[in-house]
Amino acid sequence: MNDKILNFLGLCRRAGKLTVGNDAVVDEIKNNKAKLVIVSVDISSNTEKKLKKACGYANVECLKLNRSRDELSTALGKFCVVIAVLDDGFAKKLTQLIKSENQEVTVYDKI
């Protein structure tokens, strides 16, 4: 796997700085622990709407990455569509990686 973003997400998971799964991510957002939320490109519209609302209220950046749930799941070793990064440093580095590779991302507006 030569994808820097997916490799970095794997590193974050091994460091214990990722939360995976819709309900767990929403809990991290509500508890003000999530620094960045990432969703796959093939997320369902209902889940996307729920996360967008939660991120907006908590003022957490949410990125829709142009990678599928299968790609994210393979990189992290666990089925996932939604990821929360729990560390400021990892969140900043991940955002830099995404921008440096000129990835297509959708940034949700904060409320």
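All of the numbers you see were taken from the coordinates with simple rules; none came from a lab. Since the model is a prediction, treat every value here as computed from it, not as a measurement. When we count neighbours, we look across all protein chains shown, and the Cβ atoms used for this are built from the backbone with ideal geometry, even at glycine.
Side notes on the structure shown:
- Helix content alone sets the calculated 222 nm mean residue ellipticity of the chain: runs of n ≥ 4 DSSP H residues at -39500 (n - 2.57) each, divided across all residues, give -15000 deg cm²/dmol.
- Sorted fewest first by neighbouring Cβ atoms within 10 angstrom, F90, F79 come out as F79, F90.
- Working from label points 7 Å from Cα in the Cα-to-Cβ sense, the K30 to T47 distance is 1.8 nm.
- Taking the longest Cα principal axis of the chain as reference, the axis of helix 4-14 is set at about 70 degrees.
- Scaled radius of gyration (Cα, divided by 2.2 N^0.38 Å) that region 1-42 gives: 1.24
- In degrees, nearest ten, helix 45-58 long axis to first principal axis of the chain (Cα): 70 degrees
- For K92 and Y57, the difference between the fully extended length at 0.36 nm per residue and the C-alpha to C-alpha distance is 10.6 nm.
- Measuring between alpha carbons in the structure, the pairs from K64/K93; K78/K99; K50/K92; K4/K49; K4/K50 lying more than 22 angstrom apart are K78/K99; K50/K92; K4/K49; K4/K50.
- q = 0.17, 0.19, 0.21, 0.23 Å⁻¹: log10 I(q)/I(0) that the Debye formula gives for the chain, counting C-alpha atoms only: -0.71, -0.92, -1.16, -1.44
- Look at the alpha carbon pairs under 8 Å that are at least 6 residues apart: their mean separation over the length of the chain gives a relative contact order of 37 percent.
- Residue exposure sequence - L11, L18 - by fewest surrounding Cβ within 10 Å: L11, L18
- Summarising the label geometry, the points placed 7 Å from Cα in the beta-carbon direction at L11 and K78 lie 2.0 nm from one another.
- Computed from Cα positions, the angle between helix 88-100 and the longest principal axis of the chain comes to roughly 70 degrees.
- Among I5, I38, sorting on how many other beta-carbon atoms sit within 10 Å of each Cβ, with the fewest leading, yields I5, I38.
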